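See structure below.
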Amino acid sequence: MPNNNTLSDNPPFFDVVSQVRAMRRLKPDLVPLATIRKVLEAGVQAPSGQNTQPWAFLLIHSPEEKRWFQERYANAIETRFGGFDRLKEDDTSSLARQMRAVKYQCDHMHESPMILLVAGKRDWPFKVAQEDRVGLAPPNYGAVYPCVQNILLACRSLGLGAALTTMHQVFEDDLHVHFKIPESYGVVVSMPIGWPMGNFGPVTRKPAAGVTYFDSWDNTDPGNWA
Ligand SMILES: Cc1cc2nc3c(=O)[nH]c(=O)nc-3n(C[C@H](O)[C@H](O)[C@H](O)COP(=O)(O)O)c2cc1C
């Protein structure tokens, strides 16, 4: 059910886009499938090369399957990321806060109402010459990420929390077998979705002015860049 994080029925885009934070602490409360469908319909409005729409979704929502995913995800985080035991209780740095949230997420992922996997059809980028196309092509990241960002925007608009994660890569082979995902797709993003425990807030990002150049990489000042 919506909470006080909902902006309004029709939130202004610029408010929404500046509040799409990784929400890693989620309530177990039900999210109606109709609401998730609305979110996914926003996802599929994304652009893709030649409008090929190479995305596909797998919604993990049964308790056993969420647990299966969580156990492997937590193990992947511990082995590839780790360091949680070295976190000092009084450390309030943003890195420490993020690590605590990541730890919470991997310990409680199965309690979120659902885990969304976003897969992309495999496709060689143009720059890889025919003769160099050996093995499996990568999933079409360029098309999947706009879809994923639309999903994040839609979640925020509806007051749903979501967090983009990629650590499933560590056990992607198992994912394919367990969930019968065809080899022609790669799983790009895994995203627990649910009503957030905390409040949404503004993201922390460098201003665009610090990463924008005019005509040449050595020119950051067009003169009237307010
Ligand atoms: C390509 C990509 C991969 C990411 N992978 C993970 C991940 O595996 N686990 C995770 O907790 N967050 C992951 N994130 C989320 C980022 O950590 C997060 O967006 C960033 O730290 C900014 O935090 P904020 O969104 O709360 O402002 C990923 C984000 C992107 C764009």
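The values are calculated or read from the model by the stated rules, or taken from the named source; none is laboratory data. Just so it is clear, the structure is predicted and the values come from calculations on it, not from any experiment. Backbone-built Cβ (ideal geometry, glycine too); neighbour counts: all protein chains shown.
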Residue pairs within 9 Å by beta carbon, gap of at least six or interchain, first lying in segment 84-108 and more than 23 Å from R72 (Cα to Cα), second within 13 Å of the ligand (Cβ to nearest atom) and hydroxyl-bearing (S, T, Y), listed first then second, are S94/T204
Here the qualifying pairs (Cβ atoms under 9 Å; residues six or more apart or on different chains; first in segment 154-174 and under 24 Å from G201 (Cβ atoms); second in a loop (DSSP other than H, G, I, E, B) and hydroxyl-bearing (S, T, Y)) come out as S157/T6; L158/T6; G159/T6; G161/S112
Across (1) more than 30 Å from V170 (Cβ to Cβ); (2) loosely packed, with under 11 Cβ neighbours inside 10 Å; (3) at pLDDT 95 or above, K38 clears everything bar (2)
query: Taking F214, is it among the hydrophobic types (A, V, I, L, M, F, W, C) and touching a residue at least 60 places away in the same chain (Cβ under 8 Å)?
result: no
Of the candidates A143, A137, A162, the one satisfying the condition of being touching a strand residue (DSSP E or B) at 6+ places or on another chain (Cβ under 7 Å) and surrounded by fewer than 17 Cβ atoms within 10 Å (Cβ to Cβ) is A137
query = Quick one: would you say P113 is exposed (fewer than 14 other Cβ atoms within 10 Å of the Cβ) and not hydrophobic (A, V, I, L, M, F, W, C)?
reply = no
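Just checking, does segment 67-74 include any residue being surrounded by fewer than 16 Cβ atoms within 10 Å (Cβ to Cβ) and over 23 Å from G142 (Cα atoms)? So that I can check it myself, show each step before the final result.
As a first pass, look at segment 67-74 and keep what is surrounded by fewer than 16 Cβ atoms within 10 Å (Cβ to Cβ): 67, 71.
Within this subset, residues satisfying the condition of being over 23 Å from G142 (Cα atoms) are 67, 71.
Yes, segment 67-74 contains at least one residue that is surrounded by fewer than 16 Cβ atoms within 10 Å (Cβ to Cβ) and over 23 Å from G142 (Cα atoms).
Listed here are the residues, each with its yes/no results for (1) among the polar types (S, T, N, Q); (2) modelled with pLDDT under 95; (3) within 16 Å of the ligand (Cβ to nearest atom).
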position: C147; (1), (2), (3): no, no, yes
position: L158; (1), (2), (3): no, no, no
position: D173; (1), (2), (3): no, no, no
position: F179; (1), (2), (3): no, no, no
position: W195; (1), (2), (3): no, no, no
position: P207; (1), (2), (3): no, yes, yes
position: N219; (1), (2), (3): yes, yes, no
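Quick check on segment 64-112: of everything there that is assigned to a helix (DSSP H, G or I) and among the basic types (K, R), which residue is farthest from A162 (Cα to Cα)? It would help to see each step written out before you state the result.
First, the residues of segment 64-112 that are assigned to a helix (DSSP H, G or I): 64-80, 84-86, 94-111.
Narrowing the set further to residues that are among the basic types (K, R) leaves 66-67, 72, 80, 86, 97, 100, 103.
Working: K66: 15, R67: 18, R72: 19, R80: 22, R86: 27, R97: 17, R100: 16, K103: 15 Å.
Among those that are assigned to a helix (DSSP H, G or I) and among the basic types (K, R), it is R86.
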Note: among L95, L30, L40, just one is more than 16 Å from the ligand (Cβ to nearest atom), over 29 Å from N140 (Cα atoms) and among the aliphatic types (A, V, I, L, M), namely L30
